[in-house]
Every structure is written in structure tokens, then in C-alpha cells.
Amino acid sequence: MPEPSTKAEYVVGVDLGGTKILAGLFDGWLECIGTAKVSTKSQRGVESVVERIDRCVRDAVDEADLTMKQVAGVGIGAPGAVDFEAGNVIFAPNLDGWKDVPLKKELEKHLGLPVFVENDANIAVLGVHVAELKSKPRNVVGIFVGTGIGGGLIVNGELYSGFNHTAGEIGHMVIDVNGPKCGCGNKGCFEAVASRTAIFQRIKAGIKDGEKTLLTEMLGDGLEDLRSGDLRKAIRRGDKFIGKVVEQTAEYIGIGVANLVNILGPEVVVLGGGVMEALADEMTSVIIKTAKDHAMPGTIKGVEIIASKLGDNAGITGAAVLARRETK
Ligand SMILES: [Zn+2]
């Protein structure tokens, strides 16, 4: 745990996602003492999303029975390329119309507080690093598996964002050149074979080919409300097909880990995101074994590969860490 702040001040961490906005109020010991959640509704436009973030921050502060005057600053993780210095979101593919949005400036106008903006996966790995990794490793790779796959890199103890502020886009490293099409236009990207979206597509294709699964019994033939937790339930009830799909996905993630270990030589690889949160018990050992099978001899010796326990809170925790660091 970090040293408590002597100024007894609070900060708010915000996780801006494509479907929901999550805000958490954190005290000087980095304990979350109030949270709030609103839907993003990015189709209503940039200004509307900024207003919704504003409301979400105020709700989290109110939830903890505090006032805005007691808050030193707000950190926010945005889903896309972010220029941290300027506080601009350069491009966010999952937010309608978000191109060169001066989020820091706009939000500061609304909240009357200093605001700091970073990429969401960068911020999540920062949260895990500060709140969860006791050994304080100098080099960490964070892999967040959800609707897509995001990555965050800590190199020599610092967040690494690269030349165009886009480093860590590990979801788009190509794992299988003949693989399925990715949202970015390429084929066989990491997230096109190992994200929740990819898992669901493989399940639907399998059912079409006559595979039997308990999921159709649980959710109906369309599988409209399928969530990661349903996969875990099906596997625990002995669903062989879903077990196979999830195992194959874990193998793809293991190959991704091997590539990243070869390139970056981290001490720790942290796995997070909704899919890992639901399926860590089923996937982690397969990921480790596959990574060891595919990494260059010697590169992976002693490297820790672990599932984060912060779950959905990694984003708001990291955003709070950022706000505290910048307002000290
Ligand atoms: Zn891609």
C-alpha cells in the first residue's frame, strides 16, 4: 500500500468505457469508499458523455458523504489513444465521434478540479502495479481480456506509451495470419481470436455445425444474453464443448504472452478483464503452460504469470493512483 497523503485529501478515479462509466472515490490509503456507475450513451455526442462523467464523479463523492471541495483531483482512463500531456483523447473506436476530444479541458470546466487522462489499459496496469503487486516489479505487461483485448506496459518502473501514445495495443498483434477478421481490418489479431467476442463467435459457429452445449438450454438458441460467467457455469456442469472453446482461447492467450515475454522480458505478466475475472480458474494454468511452450528458451524463466484480483476495479484504482500522483 502507498503512504497515506499528509494532506488528508481524496481523489476520484474514473473508468470511461464504451457502455458504462464507473467512478470511485478513494481516500489517502487508496481505499475505495464510494462508487457510482452510469451508462455511457456515446451516441448522444461528446458533450453529453462529458456531462455524464461529471454526474458520475459527483455521485461517487456524494455516495461517500463528502463534498467536491474535499477532492484534490480526478484521474480518468479512456478507451483509445490518449495524449496524456495535453489531456486529449486522440481516437476512441468504441465511443461515437471521439476524435481529438480535449477531455481534460472540458471536464475541468465542469468539475472545477484538475483532471488527468490516460489510456484505460495503461491505467489498469498502473492500478494493479500499485495496489496489487507487492514486489513492485520494474517491468510489467498487463493483458485485459474483455470485449476486445487491451494492454498496458510498465517499462523501467514507468508507464510506456510510445511515440504516438499508442504503445501497448497488444490486442492487434497478429497471432494467426489466416484467422478471423478483426475490427481493425486485419486478420487473426490477438483480440480476433481470444477476446469474449471471439469466444462467442466460436461457440455460435460450433452450434451451427451441430455441437451440443448446455448454454442453449440455459439461454435459448440465440444466446443473446451470453456472459463470461455463463461459460464458467456451463464448464462446471460438465459442458465439454464450452470447455474446449475456453481451453483453445487460453492457448491463444498463452501464445500472446509468449510473444510479449520474448519482446519485453517483464518480471510479471498480469491477466485481467471480464473474461479472466470469470474464468481465471479454468484458463490460468493453460495460459502458463502454453506460454512456456512457445517462449524462447530462457526468456520466461522466473516470470510470474498471474490473474489480477482487482477485477473491474483495476481501472478506477489506477485512475485514482494517477490523480494522486499528479496532485501531490
Ligand atoms: Zn486488429
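So the values come out like this:
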quantity	calculated
Local net charge near Gly188, Cβ-Cβ under 11 Å (Lys/Arg +1, Asp/Glu -1)	0
Mean Cβ neighbour count within 10 Å, used as a protection proxy, ranking 60-67, 300-307, 249-256 highest first	249-256, 60-67, 300-307
For the stretch 1-112: rounded, prolate or oblate by the Cα gyration tensor [a/c cutoff 1.5]	prolate
Taking Asp54, Asp209 and counting other C-beta atoms within 10 Å, the order from fewest to most	Asp209, Asp54
Cα centroid separation - the stretch 97-115 against the stretch 236-294, whole Å	37
Contour excess over end-to-end distance, with Cα ends at Ile33 and Asp100 and 0.36 nm allotted per residue	20.8 nm
Within-14-Å neighbourhood charge of Asp65 [Cβ basis; K, R +1; D, E -1]	-2
Order of Leu231, Leu111, Leu16 - criterion: other Cβ atoms within 10 Å of each residue's Cβ, fewest first	Leu111, Leu231, Leu16
Cα long-axis angle, helix 240-264 against the chain (0 to 90 degrees, to the nearest 10)	60
Three-way shape call for the stretch 36-90 based on the alpha-carbon gyration tensor, with the a/c threshold at 1.5	oblate
Fraction of antiparallel bridges per DSSP, the stretch 40-141 only, in percent to nearest 5	50
Packing-based exposure ordering (other Cβ within 10 Å, fewest first) of Trp98, Trp29	Trp29, Trp98
Filter on Lys187/Lys244; Lys20/Lys99; Lys181/Lys208; Lys69/Lys109; Lys20/Lys69; Lys69/Lys328 - keep pairs with C-alpha separation over 24 Å	Lys20/Lys69
Kirkwood Rh and Cα Rg combined as Rg/Rh, the stretch 80-127	0.98
FRET E, pair Lys301, Lys244, Förster distance 30 Å, beta-carbon r, rounded to 0.05	0.50
Alpha-carbon spread of the stretch 162-270, three principal axes, descending order, Å	49, 31, 22
For the stretch 126-167: relative contact order, % (alpha-carbon pairs under 8 angstrom, 6 or more apart)	29
Relative contact order %, the stretch 41-173, counting alpha carbon pairs below 8 Å whose residues are six or more apart	19
For the chain, built as a Gaussian network whose Cα springs stay under 10 Å, the top-fluctuating residue of Ile53, Ile123, Ile33	Ile33
R0 of 30 Å, Cβ-Cβ distance Lys134-Gln70: FRET efficiency to nearest 0.05	0.55
Loop sites in the stretch 124-198: chymotrypsin sites (Phe, Trp or Tyr not before Pro), DSSP, at most 13 other Cβ within 10 Å	Phe163
Length-normalised contact order of the chain in % [C-alpha pairs under 8 Å, at least 6 apart]	19
The stretch 207-319 - convex hull of the alpha-carbon atoms, volume per residue in Å³	124
Environment charge of Glu85, counting only residues whose C-beta is closer than 13 Å and scoring Lys/Arg +1, Asp/Glu -1	-1
All-pairs Cα distance distribution in the stretch 108-221, expressed in whole percent, bin size 10 Å	13, 30, 27, 19, 10, 1
In degrees, nearest ten, helix 314-327 long axis to first principal axis of the chain (Cα)	30
Estimated D of the chain in µm² per second, where Rh is the Kirkwood radius over Cα pairs and Stokes-Einstein applies at 4 °C, 1.567 mPa s	64
Pairs of alpha carbons in the stretch 181-239 whose separation is greater than 13 Å (percent)	63
Angle in degrees between helix 196-208 and the longest Cα principal axis of the chain, rounded to the nearest 10	30
Pairwise label distance in nanometres, Arg44 with Glu224, each label 7 Å out on the Cα-Cβ vector	2.4
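No lab work stands behind these numbers, since they all come straight from the coordinates. What you are looking at is a predicted structure, and each value in this text was computed from that prediction instead of being measured. Heads up, the Cβs are rebuilt from the backbone with ideal geometry, glycines too, and the neighbour counts pull from every protein chain shown.
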